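One structure is given below, encoded as structure tokens.
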Amino acid sequence: MTARLHFSTATNETVELFRLIRRARQEIGDNAIQTYIISMTMQVSNVLEVLLFARDAGLFGELDISPLFETIDDLLAAPTIMAALFENESYRKHLAARGNRQQIMIGYSDSNKDGGYLRA
């Protein structure tokens with residue numbers, strides 16, 4: 001007997017979003033959606049969660065996963081977060097499928113509010 005998993009509304013919406021991305025790519029083409037941006041990336045798990053959702057939707061290696069670091073603390077943590085991701089075997093496989101390229105986004109509006117113009 002297979003166990004049925006019950007997810008929160010937010011999780012179900014995220015699952016459906018990734019299925020919609022897959023459907024868009026099937027119906028429109030691979031150029032329809034190429035990048036998934038993770039706003040307010042604060043830790044490694046934020047990125048690995050997206051990797052899991054993408055894999056579940058049949059999109060493993062099909063999307064660039066781009067963490068967006070926005071606050072001063074997150075900008076300071078970004079090198080450590082990225083180093084941990086680059087050491088993660090599943091994430092390395094994802095990067096290999098994407099030509100070993102990584103896009104990272106830096107947000108200055110929140111860091112400007114957080115730490116001031118010069119610090120941002």
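The values are calculated or read from the model by the stated rules, or taken from the named source; none is laboratory data. Computed from a predicted structure; not experimentally measured. Cβ coordinates were reconstructed from backbone atoms using ideal geometry, including for glycine residues, and neighbour counts include every protein chain displayed.
Return yes or no: is T80 of a type in the set (S, T, Y), touching a helix residue (DSSP H, G or I) at 6+ places or on another chain (Cβ under 8 Å) and on the phi < 0 side of the Ramachandran plot? So T80 does not fit the description; no. Cβ separations smaller than 9 Å between residues 6+ apart or across chains give the following pairs from the stretch 8-20 residues that are within 13 Å of V50 (Cα to Cα) to residues that are of a type in the set (G, A, S) and at pLDDT 90 or above: V15/A57; L17/A57; F18/A54; F18/A57; F18/G58; R19/A57; R19/G58.
Do we find that A97 is farther than 22 Å from L59 by Cβ, among the aliphatic types (A, V, I, L, M), at pLDDT 95 or above and surrounded by 10 or more Cβ atoms within 10 Å (Cβ to Cβ) in this structure? Don't jump to the end; show me each part of the working.
Details: farther than 22 Å from L59 by Cβ: no; among the aliphatic types (A, V, I, L, M): yes; at pLDDT 95 or above: yes; surrounded by 10 or more Cβ atoms within 10 Å (Cβ to Cβ): yes.
Considered against the rule, which asks whether it is farther than 22 Å from L59 by Cβ, among the aliphatic types (A, V, I, L, M), at pLDDT 95 or above and surrounded by 10 or more Cβ atoms within 10 Å (Cβ to Cβ), A97 comes out as no.
Determine, yes or no, whether M82 is without any contact (Cβ under 8 Å) to a residue 40 or more places away in the chain, surrounded by 13 or more Cβ atoms within 10 Å (Cβ to Cβ), touching a Pro at 6+ places or on another chain (Cβ under 8 Å) and over 14 Å from L17 (Cα atoms). Yes. Among residues of the stretch 21-46 that are free of Cβ contacts under 8 Å to residues at least 12 places away in the same chain and exposed (fewer than 12 other Cβ atoms within 10 Å of the Cβ), those with a beta-carbon under 9 Å from a residue that is of a type outside the set (F, W, Y) and assigned to a helix (DSSP H, G or I) at least six positions away or on a different chain give the pairs N31/R25.
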